[in-house]
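Q: Following this message is one structure expressed as structure tokens.
The values are calculated or read from the model by the stated rules, or taken from the named source; none is laboratory data. Please read all numbers here as calculations on a predicted model, not as lab measurements. No Cβ is skipped: glycine too gets one built from the backbone with ideal geometry, and neighbour counts run over all protein chains shown. Just the protein is used for accessible areas: all its heavy atoms, side chains included, with ligands, DNA and RNA removed. Shrake-Rupley method; radii C 1.70, N 1.55, O 1.52, S 1.80 Å.
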Amino acid sequence: MGKATWLQMPLVAIDSNIIDEIAHTVGAEPVLADAMESLSPPPVSLPRRAYAWYWLLALAPYWVSCLYTFSDTLYQEVAAIPGRALWRDRLLGLGAEIREAHPEDLRDPDPTMRPDDQTLIDMGLSSADSEHIADAVGLGVTHFLTYDKGILKRSQAIRSRWGLTVVTPEDFLVEAVRSGAPWPARVPWPWDAGPLSTGFPETSKPI
């Protein structure tokens with residue numbers, strides 16, 4: 001995928017587990033906020049997942065052609081979280097910040113494009129996962145970001161059938177920069193070392 005492709009893309013749908021990851025990363029403020037704004041490296045050691053979201057959030061103002069969205073399914077899933085009302089409300093608020101400024105046609109799946117949930121269930125996805133993927137196809141997105149192993153395991157089959165690329169945020173970040181997305185950070189791009197390299201811990205306790 002060349003640089004011209006990046007300029008034409010991407011509309012990115014996110015899974016509900018991504019909202020949770022973003023909330024943990026954003027929750028590290030003010031430790032990370034100033035560094036993000038200045039495009040400096042994080043002032044603390046971050047695991048691979050948090051490191052990826054650190055840069056995706058920092059680069060958002062520079063990736064103006066990249067929009068993140070999701071269907072109402074995500075709101076319904078987050079609202080159904082048992083207990084932890086304050087955390088649930090925070091996730092819903094973060095979701096609203098991500099999606100509600102978008103044009104309305106980027107919020108509702110097109111029923112003529114959306115595959116039947118059962119088609120995805122027959123591929124081995126759970127009913128909840130199938131709804132997320134079906135909605136993403138119906139929204140016409142290019143990428144679906146998730147940490148769900150059941151969905152990632154079937155990424156090749158999903159891409160072959162609907163042209164939807166299912167990846168983790170880390171892989172999306174690497175793919176995007178290699179495809180021509182701006183990297184105006186004050187550090188060299190860490191292709192082969194640091195948190196985005198293989199073997200680095202994926203997660204840790206929130207800061």
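Q: Suppose the filter is at pLDDT below 95, more than 18 Å from the chain's Cα centre (by Cα) and farther than 24 Å from Ser65 by Cβ; does Ser197 pass it?
A: yes
Q: Can I ask one more? Looking at the range 153-179, which of its residues are modelled with pLDDT of 85 or more, farther than 22 Å from Ile22 by Cβ and out of contact with any Gly (no Cβ under 7 Å at 6 or more places or on another chain)?
A: Within the range 153-179, Lys153, Gln156, Ala157, Ile158, Arg159, Ser160, Arg161, Trp162, Gly163 meet the criteria.
Q: Residues in the range 90-114 that are among the small types (Gly, Ala, Ser) and either at pLDDT below 85 or at positive phi (or both): how many?
A: 1
Q: Inspect the range 79-89 for any residue being modelled with pLDDT of 90 or more, of a type in the set (Val, Ile, Thr) and either surrounded by 13 or more Cβ atoms within 10 Å (Cβ to Cβ) or closer than 26 Å to Leu173 by Cα (or both) and give the result as yes or no.
A: No, because not a single residue in the range 79-89 is modelled with pLDDT of 90 or more, of a type in the set (Val, Ile, Thr) and either surrounded by 13 or more Cβ atoms within 10 Å (Cβ to Cβ) or closer than 26 Å to Leu173 by Cα (or both).
Q: So, one more: Give me the pairs: first residue in the range 65-81 and farther than 27 Å from Val177 by Cβ, second residue part of a loop (DSSP other than H, G, I, E, B) and open to solvent by less than 60 Å² (accessible area, probe 1.4 Å), beta-carbon distance under 7 Å, and six or more apart or on different chains, which are they?
A: Filtered contacts from the range 65-81: Ser71/Pro109.
Q: Is it the case that some residue within the range 104-116 is without any contact (Cβ under 8 Å) to a residue 60 or more places away in the chain and within 13 Å of Asp15 (Cα to Cα)?
A: no
Q: Hey, can you tell me all the residues within the range 31-40 that are open to solvent by 30 Å² or more (accessible area, probe 1.4 Å), over 16 Å from Tyr62 (Cα atoms) and in a loop (DSSP other than H, G, I, E, B)?
A: Correct list: Val31 only.
Q: Also, I was wondering about something else. What tally of residues in the range 117-156 results from selecting those that are part of a loop (DSSP other than H, G, I, E, B) and buried (at least 22 other Cβ atoms within 10 Å of the Cβ)?
A: Counting residues in the range 117-156 that are part of a loop (DSSP other than H, G, I, E, B) and buried (at least 22 other Cβ atoms within 10 Å of the Cβ) gives 3.
Q: Checking Glu202 against (1) modelled with pLDDT of 70 or more; (2) open to solvent by 30 Å² or more (accessible area, probe 1.4 Å), which single condition isn't satisfied?
A: (1)
Q: What are the residues in the range 61-78 that are surrounded by 13 or more Cβ atoms within 10 Å (Cβ to Cβ) and among the aliphatic types (A, V, I, L, M), if any?
A: Listed by number, the residues that qualify are Leu67, Leu74, Val78.
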